Structure formats: C-alpha cells, structure tokens
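Trainee: Here it is, the structure in full.
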Amino acid sequence: MPAPEPPAQEPAGLTPLPDDWERALAVVAHPDDLEYGAAAAVAEWTDAGREVTYLLVTHGEAGIDGLGPDECAVVRESEQRASAAAVGVQNVEFLRHPDGVVEGGLPLRRDLAAAVRRHRPELLLTINHHDTWGGVHWNTPDHRVVGRAVLDAAGDAGNRWIFPELYEEYGLAPWNGVRRVAVAGSPHPTHAVEVGPGIERAIASLAEHRSYIEGLNGGAQDPEAYARGFIEQMLQMAGDRHRGRPAVTFEVFPR
C-alpha cells in the first residue's frame, strides 16, 4: 500500500457515516488491505456490538518477494486472522482467487453475491476502486477489480434472476438488505467515522502483518513503528478535513 496522499480536491464537507446497521461485510483483495486505515473504524464498530465479517478474495500469496506463493499464503492467512482479532473480528473467510491477477467477470461477481446472501449485511465495506490513490499513485489491478465487483454485488445479491443457481443449488435466498457500500481510501470521500479508542487497536492490527511489513524494506522495517507512523498520519489527515478529530473517511454509495 502507498503512503497516504491528500485527495485531488478537498471535499466540501464530510457527513458522519450512518450507524443504522448491525452487520457489515468487508470485502477486499488482499490481507492487510483493511488494516491501512479502515480497521480503526472496524474496532469502534465491534466495540459497539456490531458484527463485522472479513472476506479476502486472495491470500496475498504474491505479496512478499522473498516467500514463494504456497508458503506466503499460509503466512498471510495466519497474520490476517491475528490482525482481524485485534479489532474484534472473529469471522475471516478467503475465496482463493489468484493474487495479482484477479479477473473481473461473472465468477467473481457470483462469489461475492453468494457471500452477501450468506452473511446478509446492511453495510458493505471495501477499499479504493478508483484508478489512483489521491491522484498520485496508480492503484493496483486487484484493488480496482475487487472494489468494483463489491459495488456490483450489492445489487446482484438482491436480484433472484441473477445467479439463480445460488438459491436453486445452495439455498442462498436473495438479500436486498444492503443499505450502502462504503469505500475506504477513496480519493473522493463523502463520509467519515470519528475514531478514538480504536486507534491503538488499528495500529496493533496493521503491525500483525509482520512478514509483509518486513518484506517492504528488506527486513529493516520495525512493524510496530511503521504501523503507528502510517495510521496516525492517515487518521490525522482525515481529521484535518473532518472537525479536526482523527477519522476514517469513506466514499459512500447509498442503495
């Protein structure tokens, strides 16, 4: 993940993300995607008694140059489960699409629609599906593909005539209860979640990705220091655009 960058244009104002939901499904491409900021909001939500499930489209097996994919997949799954637990998330699932070459199309849409029907969330969460991070860094293909597929899945899951086999063969009835899709890390934020107690847990959550972080700089990177520096900078940048208090920003698509 790149260092946080300011959005191309300052938003006119950020609205608090509505809290009229009990279940959220967070769908991202790789282990660590949620930990670069969104996890601070997740920690606040689980503390409030809300249920959050993580769904990883890949195992991130192409993410560490010094580890072969089979070994890397095992390491990153373990680190992701520990990372999720740090912010109160116990249910972590993996779809096993190939890291780095996730294909947009019907198989991915079907998998995500099935997950939405299975977990029946009111809130869907993903990360930046736009071409760039803040107009500065080019976004990765997996992020773009998965983020767009999550936006599509909210509608696919509620339409009985799209992927009818999900009900006919697997008993997954349509679920049209998704109220909104929240995109973390978007260069076009519309909403924010103020965070406080969740900050330390978010730092610990990112630091759990020890093998990945150490791999970023040949083993010279201290995971705890790296996580603290990144999270505090990102939350403060968001806070500068939202009442001066640390926050996680989202681009929200209502349904």
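Trainee: Can you find a residue that is buried (at least 16 other Cβ atoms within 10 Å of the Cβ), in contact with a strand residue (DSSP E or B) (Cβ under 9 Å, 6 or more places away or on another chain) and either in a helix (DSSP H, G or I) or touching a residue at least 60 places away in the same chain (Cβ under 8 Å) (or both) anywhere in the range 98-105?
Mentor: No - not one qualifying residue is present in the range 98-105.
Trainee: Yes or no: Arg210 more than 23 Å from Val146 (Cβ to Cβ) and not aromatic (Phe, Trp, Tyr)?
Mentor: yes
Trainee: Checking Gly60 against (1) within 17 Å of Glu214 (Cβ to Cβ); (2) assigned to a helix (DSSP H, G or I), which single condition isn't satisfied?
Mentor: (2)
Trainee: Then there is this: Which condition number in (1) open to solvent by 40 Å² or more (accessible area, probe 1.4 Å); (2) under 15 Å from the mean Cα position of the chain (by Cα) is the one that Gln221 fails?
Mentor: Exception for Gln221: condition (2).
Trainee: Of all the residues that make up the range 131-143, how many are of a type outside the set (Val, Ile, Thr), within 19 Å of Gly100 (Cβ to Cβ) and either part of a loop (DSSP other than H, G, I, E, B) or open to solvent by 50 Å² or more (accessible area, probe 1.4 Å) (or both)?
Mentor: Looking only at that region, the number is 5.
Trainee: Which of the residues that make up the range 53-71 are free of Cβ contacts under 8 Å to residues at least 40 places away in the same chain and either surrounded by 18 or more Cβ atoms within 10 Å (Cβ to Cβ) or among the small types (Gly, Ala, Ser) (or both)?
Mentor: Tyr54, Leu56, Glu61, Ala62, Gly68
Trainee: Still on this model: Which of the numbered conditions does Ala114 fail, given that it passes all the others? Conditions: (1) closer than 22 Å to Ile203 by Cα; (2) in contact (Cβ under 8 Å) with a residue 40 or more places away in the chain.
Mentor: Result: Ala114 fails condition (1) only.
Trainee: Collect the residues in the range 152-191 that are in a helix (DSSP H, G or I) and either surrounded by 17 or more Cβ atoms within 10 Å (Cβ to Cβ) or among the acidic types (Asp, Glu) (or both), keeping them in residue-number order.
Mentor: Asp152, Ala153, Ala154, Asp156, Glu165, Leu166, Glu168
The values are calculated or read from the model by the stated rules, or taken from the named source; none is laboratory data. Computed from a predicted model, the values in this text were never measured in an experiment. Every residue, glycine as well, gets a Cβ built from its backbone with ideal geometry; the counts of neighbours run over all protein chains shown. Note: accessible area is taken over every heavy atom of the protein model, side chains too, but ligands, DNA and RNA are not part of it. Shrake-Rupley method; radii C 1.70, N 1.55, O 1.52, S 1.80 Å.
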